[in-house]
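Contents: one structure, followed by commentary.
The values are calculated or read from the model by the stated rules, or taken from the named source; none is laboratory data. Note that the structure is a prediction, hence the values are computed from the model and not measured. Here the Cβ positions follow ideal geometry from the backbone for every residue, glycine too, while neighbour counts run over all protein chains shown. Surface areas here come from the heavy atoms of the whole protein model, side chains and all, with no ligands, DNA or RNA. Shrake-Rupley method; radii C 1.70, N 1.55, O 1.52, S 1.80 Å.
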Amino acid sequence: MPVVTGLKLSQCLARPSDESGRAYPLTEHLLAVAEACGNPCGDYSERLKFLAGLLHDTGKSSRAWQDYINKKRGKGVPHAFAGAMLFAALFADLLEVWKPARQEKRELCYLAVNLTNIIYNHHGRIEDIDGTYPSWTGTYAPSQVLFAAIPGLLKLVALYFPEVSLSIERYLQTPESLVEKISLVASLWSKWTNQMISYVEKSLKSGNRYAVGARLCLKTENARLIAADRMHAGEIAPDAKNYLTPEEASAGLSSIQRYCTERKNEMTGRARQSIIDIREKWRRKLLETFRQNRQKSIFSLELPTGYGKTIAALSIALKAVAEGQCKRIIYVAPYLSILSQAADEIARATGIKVLTHHHLSALQSLVEQDKAEDLLLEGWQAPVVATTFNQLFLALFPYRAQNTIRLCGLKNSFVIVDEPQVINTGAWNVFLAMAEATTAVLGTKFLLVTATLPETGGGIFSEVISLGRALPVSTRYQVEYIGAENENTLSEKILHSYRACGSAAAILNTVRDAVEVYLRVRDRVTEGTVYFLSGRMTPLHKRQIIKEIRGSLRNEENTIVVCTQVLEAGVDLSFKHLFRATPVISSLIQAAGRCNRHGEGEKGRLFVFEYLRGGEKKTRQYVYRDGDQREVTDLCLNEHKIFDESISVDLVSRYYRLCFQRNTQQAPLEKILEAARGNFAAPAGLNPFGTHVPQYGVFVPLFLGELPEEVGLAMKKFSCQDPAEIWDRYSSKGFLAALEYKEKKQFMGLMQHFIVQVPEKTVLEVGEPVENRSILRLKGESLYSPETGLSYVTADDEKEIWFV
């Protein structure tokens, strides 16, 4: 039996003192988190939540942990297990005293088991609930709880739970009895989990089981505890103004009106003026339709590409805030190329600062000079947030406790999901179920914005209210299926279009195909510029190329672009002729949005073709893996070998209807039911883009393009003159270990700007592994082309993936 250390709770700190010497008492932290999690004067459920918050950092009162934060020992020590043990032991005592009725007991066991699991995992992965033993079994002995300042903690609990004062007195007099109680939890655990399952099964029978299951899956209690823990540690007040006021939203709406007027005045030409008029007409109409349906929760907006979907959706979101229905706007896009463009437009149109959150945004606090910026970023604590599908999916399908902090950001927010058709079909229904759950539990509103909306559940979930579905009033482009092409014949056709009209683009399905076509076209062009884009380029490199393409088109220079799907959705670029290797119908219509986008000049032409590498090999299936979607697309194109924009809406509707008839995609919904029963790994980390292909990061020590401000500041902070020095820091022994959490995150964010993701099969051809590091270094600078990045040397047939 361990000897109780004698450390008093009043002596314990929650975190290290700051530079001024200010101390942060652990008791203060425990009480703050408890009050944010529950109510000591509420019903049994609220009181259990309060208790969980009160005990979550029990282990921080051990001498080992206190020595760690006072820098008397270099390595951290596990502490979450102690809080889970003490909470479970006291729940057992409370259950004996409360003697709840059968159904209430089931509900309390459901809550307590989940809270125990949350406390145990609140600094790590969210592990499944073991139906037989509690999480610490086999890893930590019950006696290890006595290393914490148990007397002080028990006395603190007694202030709020006097009904277990006899048990607490016994534990104070005989610490071994507490150890025995924790040991007893192991035998009680299976009974509690059986009660938990009974509660879940009865709940699932009370309504639509997928809708109920999704609500049970939302980690709201986890989110409350994690948010309270992190926000208090970051000194962010619970009432901090991280939301939009109705007055600010109204001002944003007025700003949008001025922005639209200014854009109209800037546009020239009858066709462009017509598009601007249509955009404003639809924006006003959509606002009125929303006003009539504002009590609903999930909406859709279907406008052809180029009809101003972003501004229209933003206006609706601001209207919801102005009327007091929501307090925050969260814009979500599939790719960084769309996100950065939309975030800039939102800020310009509204005059409201936009907090941008994605895997490269860890450096934002260097620009903002705000010590709490990292927490605000992770928790989406800002009036307007712009983020990616990946980050939204981590909130809805978390695999680490930290991910759940975003649920607090989703509360009472208006979420704009741009281009939702990009979400993989296997994840679509699961996403809809969780979106519906957030509307019911968190008061969130969702707006799905696209030109090509998939089926929205087939009646499985809440009704999706259509705010508008516009048919094109002008014909900006014509689509023509031209049969089979290979790299040589396609190159000839691209060059012919380029010579005839001055701008042309080609979108291929795989990186290798795009590179082969690009090289053939580039070698034949003597005037003008040929650009290449794919996911095998560093973020800085891609950003620079897109900037150059935009400038070239704006200046009406002769321009050719050969790429993968980088330009397909959301990027505001327009070409007179566009070539597209056959994808699926939804992607085809999105690509059409880059053809004569603003209705300028003659009708644009989109040529669709079956690409045969070397004249023989089909490569479409490497990216579009759903056989039903490919077959339905081919059926539609065989029926409409030539069509214009006027029938695109009906064509998309038919495509989704036929796909849904073949496969309703209900099987993935079973993951929700598994998670509701405690198997959290089932949906955890669900990928919005489908099957995950193993990949590795390769660091490219090259400057390509202008450095964003935050990258320059980060290099200065870490004393790096060039990218090679960034790598030297990363690979040097002890450098990362010496960094504080936030600094480490910023440094890794800096590295991401110079990293290319490469498939497992080819990574060793270009990357040099380093011991104890997960990122590889480029073997030689000559391997990275200033034109194509790593696209040529890492092209891989059957493991083809693309990043945008």
Discussion item. Quick check on S315: is it open to solvent by less than 30 Å² (accessible area, probe 1.4 Å), touching a helix residue (DSSP H, G or I) at 6+ places or on another chain (Cβ under 9 Å) and either under 21 Å from G593 (Cα atoms) or touching a residue at least 12 places away in the same chain (Cβ under 8 Å) (or both)?
Written reply: yes
Discussion item. So if I check each of K202, K181, K191, which one is in a helix (DSSP H, G or I), open to solvent by less than 50 Å² (accessible area, probe 1.4 Å), modelled with pLDDT of 95 or more and not hydroxyl-bearing (S, T, Y)?
Written reply: K181
Discussion item. Taking the condition of being at pLDDT 90 or above and more than 28 Å from the chain's Cα centre (by Cα), how many residues in region 556-578 meet it?
Written reply: 10
Worksheet item: Which residue out of R328, R400 is modelled with pLDDT of 95 or more, open to solvent by 10 Å² or more (accessible area, probe 1.4 Å) and under 19 Å from I226 (Cβ atoms)?
Response: R328
Worksheet item: Is one or more of the residues making up region 60-73 modelled with pLDDT of 95 or more, within 33 Å of the chain's Cα centre (by Cα) and of a type in the set (A, V, I, L, M)?
Response: no
Worksheet item: Inside region 505-613, counting only strands (runs of 3 or more DSSP E) that do not spill past its ends, which hold 2 or more residues that are open to solvent by less than 30 Å² (accessible area, probe 1.4 Å) and within 23 Å of S474 (Cα to Cα)?
Response: 577-581, 604-613
Practice prompt. Would you mind stating whether L225 is over 20 Å from K99 (Cα atoms) and in contact with a Cys (Cβ under 6 Å, 6 or more places away or on another chain)?
Written response: yes
Worksheet, complete the sentence: A careful count of residues in region 114-133 that are open to solvent by less than 40 Å² (accessible area, probe 1.4 Å) and assigned to a helix (DSSP H, G or I) gives 6
Response to the item:
All-but-one check, L216 against (1) at pLDDT below 90; (2) under 23 Å from A437 (Cβ atoms), failing number (1)
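Conditions (1) assigned to a helix (DSSP H, G or I); (2) modelled with pLDDT under 95, marked per residue:
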| residue | (1), (2) |
| --- | --- |
| A14 | no, yes |
| D18 | no, yes |
| R22 | no, yes |
| T27 | yes, no |
| L31 | yes, no |
| A34 | yes, no |
| P40 | no, no |
| E46 | yes, no |
| L51 | yes, no |
Worksheet item: Going through region 747-773 one residue at a time, which ones are within 12 Å of A714 (Cβ to Cβ) and in contact with a Phe, Trp or Tyr (Cβ under 8 Å, 6 or more places away or on another chain)?
Response: F747, L750, M751, F754
Item to complete: Tell me the helices (runs of 4 or more DSSP H) entirely within region 710-804 that contain at least 3 residues that are modelled with pLDDT under 85 and at negative phi.
Response: 741-752
Worksheet item: With respect to the numbered conditions (1) open to solvent by less than 40 Å² (accessible area, probe 1.4 Å); (2) at positive phi, which one is the sole condition not fulfilled by H29?
Response: (2)
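Scan L111, L90 and give me the residue that is part of a helix (DSSP H, G or I), out of contact with any Gly (no Cβ under 8 Å at 6 or more places or on another chain), among the aliphatic types (A, V, I, L, M) and crowded, with 22+ Cβ neighbours inside 10 Å. Lay out the reasoning, then the answer.
Working: L111 fails: crowded, with 22+ Cβ neighbours inside 10 Å.
So the residue among L111, L90 that is part of a helix (DSSP H, G or I), out of contact with any Gly (no Cβ under 8 Å at 6 or more places or on another chain), among the aliphatic types (A, V, I, L, M) and crowded, with 22+ Cβ neighbours inside 10 Å is L90.
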Worksheet item: How many residues, within region 385-406, are aliphatic (A, V, I, L, M) and out of contact with any Leu (no Cβ under 7 Å at 6 or more places or on another chain)?
Response: 5
Discussion item. Quick check on region 704-717. Is at least one of its residues free of Cβ contacts under 8 Å to residues at least 24 places away in the same chain and among the acidic types (D, E)?
Written reply: no
Worksheet item: Just one of I585, I560, I546 is within 22 Å of P420 (Cβ to Cβ) and among the aliphatic types (A, V, I, L, M); which is it?
Response: I585
Item to complete: Looking for whichever is closer than 25 Å to L303 by Cβ, open to solvent by 10 Å² or more (accessible area, probe 1.4 Å) and either of a type in the set (A, V, I, L, M) or at pLDDT 95 or above (or both) here; the options are A427, A451. Which one fits?
Response: A451
Practice prompt. Kindly indicate which of N679, N687 is closer than 22 Å to Q391 by Cα, surrounded by fewer than 19 Cβ atoms within 10 Å (Cβ to Cβ), under 24 Å from the mean Cα position of the chain (by Cα) and at pLDDT 90 or above.
Written response: N679
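Could you pull out the residue among E378, E373 that is at pLDDT below 85, within 28 Å of L216 (Cβ to Cβ) and in contact with a helix residue (DSSP H, G or I) (Cβ under 9 Å, 6 or more places away or on another chain)?
Testing whether each residue is at pLDDT below 85, within 28 Å of L216 (Cβ to Cβ) and in contact with a helix residue (DSSP H, G or I) (Cβ under 9 Å, 6 or more places away or on another chain) leaves just E378.
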Response to the item:
How many residues of region 136-150 are among the β-branched types (V, I, T) and open to solvent by 30 Å² or more (accessible area, probe 1.4 Å)? The answer is 2
Fill in: Selection count, region 408-424, where residues are open to solvent by less than 10 Å² (accessible area, probe 1.4 Å) and either modelled with pLDDT of 95 or more or within 18 Å of Q325 (Cβ to Cβ) (or both)
7
Response to the item:
Of the residues in region 690-711, those that are more than 23 Å from the chain's Cα centre (by Cα) and of a type outside the set (A, V, I, L, M) come to F699, P701, F703, G705, E706, E709
